[in-house]
2 protein chains.
Amino acid sequence: MGAIQNIKVSVDAVVFGYTPDEGLSVLLIKRKSTPFKNSWALPGGLVKDNENLEEAVQRELKEETNVSINYLEQLYTFGDVARDPRNRVVSVAYYGLVKPDAFEINASTDASDVAWYNVKEIPDIAFDHHKILNTAINRLKGKITYEPIGFELLDKKFPFSDLEKLYTTLLGREIDRRNFRKKIVRLNVLDELDEKVSKGSGRPANLFQFNQKRYFQLKKEGIVFEI
Amino acid sequence: MGAIQNIKVSVDAVVFGYTPDEGLSVLLIKRKSTPFKNSWALPGGLVKDNENLEEAVQRELKEETNVSINYLEQLYTFGDVARDPRNRVVSVAYYGLVKPDAFEINASTDASDVAWYNVKEIPDIAFDHHKILNTAINRLKGKITYEPIGFELLDKKFPFSDLEKLYTTLLGREIDRRNFRKKIVRLNVLDELDEKVSKGSGRPANLFQFNQKRYFQLKKEGIVFEI
DNA sequence: ATTTTTTTGTGTATAAAATACATAAATCAC
DNA sequence: GTGATTTATGTATTTTATACACAAAAAAAT
């Protein structure tokens, strides 16, 4: 018979943040301990015996970065034999989306530093974290076209141009402003508020808010979101 | 500091088979050992220290059912604290598709019996395997609409009516035969063969074959499969 | 205070895609 | 050979996607 299994289980988190100016960023920590000491890495760590996987992710994020997540979803499980140089570690990766006000971050226990990195300027990172990150970016790009998760990256109230810019950034192509607006409005998941915002020059923009309740209602009726 | 982690890692497989007559079936094994002894369950088991996750799935399937898989994809990782009554076990679930000639199955090591069950007639099954199975069914239903994986469930050469029936079965709704055919033909991933097949009464049907090479070519060019 | 620049907001015409629908051809069962 | 069964096929209509330009509101420049 075979020996007792000797595999550890960890979680890793790809936390995305977005601002219209900076584009899409991801949260990285600087490792305090070996291996990859002082290298940048995705936040994460070993799962405790008595906590669920999502709880482990939330705990690690709290411990390492002090960020609170409003959208969290399992991404993929990475289990290659040699992905950790010390032991066999199977890592269940999650990705999360945070609103711009989460850009206040603080390193603590396991991390000597925490920072947002634009996804176009990712440094060398530990383990197979590049692979995890790329998987997450592709998932996000795909998912925003058929689930309204883009709103999780914007402020609660936002001008239409922010939404449009988010989509052009994430999809990496130009979008016709009028057609895009028509499409979103037709989906009927945005409430137009009686507030305006003006940033810099130009006509002030009306603010919108995502109506999640209405979205869930429509989803239950079988209406599909699609960009 | 916390104690050493005591979590086991397993894999489970949801293997789908399909025949035009029986519809969609899933492969179950009868457990030889506790817990859930003599209960039906998804094939699977603990991962060995020196094998990758996919290798573990293939090995367990070979050991328990003697089925060979032509399409295998990671589904989701189930890690709730109490999902196994003995220890903490995190299970990485996969789903696979097999062609009808794989319906020759044999129980061996860990299983006292193996059987195909129609997805509409699933018995009580062990652990959280119902949850895993439902996740797999939903994934399959979703995926066949945007990736040409349905062909993995059919014989290499098949009449158009088989494909049509597969889609009506999986999607659970009627499909207009002419429009469906037009759509598939337009995708340009099927080769029409110079062979006919006649089953029972009626005009003999032309056989088709999925051209995977052409599909990958088109995919690289950005053409999307969509039903 | 007038002009220029910048950003928001909006409609229509055209092209493409999805849908609805019926009849003839080939074989089998009787 | 008559009727039943299954395959094969085209067109008209509706819906959806795309392309495209100018006015309104405010700030910045003069």
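We did not get these values from a lab; they are worked out from the coordinates using the rules stated. These numbers were taken from a predicted model, which means no experiment stands behind them. Because the Cβ atoms are built from the backbone with ideal geometry, glycine has one as well, and the counts that use them run over all protein chains shown.
Quick one: work out the % antiparallel among DSSP beta bridges in the stretch A:8-143, nearest 5.
So the antiparallel bridges in the stretch A:8-143 amount to around 70 percent.
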Practice problem: Over the alpha-carbon set of chain B, work out the extent along each principal axis and list the three values in angstrom, largest first. | Solution: 66, 41, 30
Self-check item: For the B-to-A rotation axis, chain B residue with nearest beta carbon and its distance in angstrom
Solution: B:Thr77, 2
Quiz prompt | Tilt relative to chain B, helix B:53-65 - C-alpha long axis, 0 to 90 degrees, to 10 | solution = 90 degrees
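Which percent, to the nearest 5, of DSSP beta bridges fully inside the protein assembly as shown are antiparallel?
Working: 62 of 84 bridges.
Of those bridges, close to 75 percent are antiparallel.
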Quiz item: Placing a label point 7 Å from Cα toward Cβ, how far apart in nm is B:Lys183 from its equivalents in the other copies, listed shortest first to one decimal?
Solution: 1.9
Quiz item: Once all Cα-Cα distances of the stretch B:67-177 are split into 10 Å bins that start at 0, what whole-number percent is in each one?
Solution: 11, 37, 36, 13, 3, 0
Quiz item: Which angle from 0 to 90°, rounded to the nearest 10, does the C-alpha axis of helix A:160-171 make with the longest principal axis of chain A?
Solution: 40 degrees
Quiz prompt | Overall dimensions of the protein assembly as shown as given by Cα atoms, namely Rg and Dmax in Å | solution = 24.6, 75
Quiz item: Label points 7 Å out from Cα along the Cβ direction at B:Thr168 and A:Arg181: separation in nm?
Solution: 4.6 nm
Quiz item: If one computes the Cα centroid of the stretch B:182-222 and of the stretch A:115-176, what distance in Å separates the two points?
Solution: 37 Å
Quiz prompt | Computed [θ] at 222 nm, deg cm²/dmol, chain B (DSSP H ≥ 4; -39,500 (n - 2.57); rounded to nearest 500) | solution = -8000 deg cm²/dmol
Exercise. Note down, for the stretch A:1-113, the three equivalent ellipsoid semi-axes (square root of 5 times each alpha carbon gyration tensor eigenvalue), biggest first, whole angstrom.
Key: 27, 15, 13
Quiz item: How large are Rg and Dmax for the stretch B:157-220 when only the alpha carbon atoms are used, in Å?
Solution: 12.8, 42
Practice problem: Starting from a label point 7 Å past Cα on the Cβ side, list the distances from B:Gly200 to the same position in the other copies, nm, shortest first. | Solution: 6.8
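What pairs in B:Lys32/B:Lys141; B:Lys37/B:Lys131; A:Lys62/B:Lys37 have C-alpha atoms more than 30 Å from each other? It would help to have the intermediate numbers written out before the result.
Numbers: B:Lys32/B:Lys141 32 Å; B:Lys37/B:Lys131 19 Å; A:Lys62/B:Lys37 41 Å.
Listed pairs above 30 Å: B:Lys32/B:Lys141; A:Lys62/B:Lys37.
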Quiz item: Using a Förster distance of 45 Å, how high is the FRET efficiency between B:Gln217 and B:Asp124, based on the Cβ-Cβ distance and rounded to 0.05?
Solution: 0.45
Quiz item: Which order do peptides B:162-174, B:209-221 fall in by mean Cβ count within 10 Å, highest first?
Solution: B:162-174, B:209-221
Quiz prompt | Across the identical copies, how the A:Glu104 labels are spaced - nm, sorted shortest first, 7 Å along Cα→Cβ | solution = 6.8
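Grab the other residues whose beta carbon is less than 12 angstrom from that of A:Lys143, score K and R as +1, D and E as -1, and report the net.
Numbers: positive: A:Arg139, A:Lys141; negative: A:Glu73, A:Glu147, A:Glu152, A:Glu226.
Taking every other residue near A:Lys143 into account, the sum is -2.
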Quiz item: Net charge near B:Asp101, counting Lys/Arg +1 and Asp/Glu -1 over other residues with Cβ under 10 Å of its Cβ?
Solution: 0
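As a test of the definition: which semi-axes, in Å, follow for the stretch A:113-188 when you take the square root of five times each eigenvalue of its alpha carbon gyration tensor? Largest first, please. List each step's numbers first, then the result.
Values: eigenvalues 157, 36, 26 Å².
Calculated on Cα positions only, the semi-axes equal 28, 13, 11 Å.
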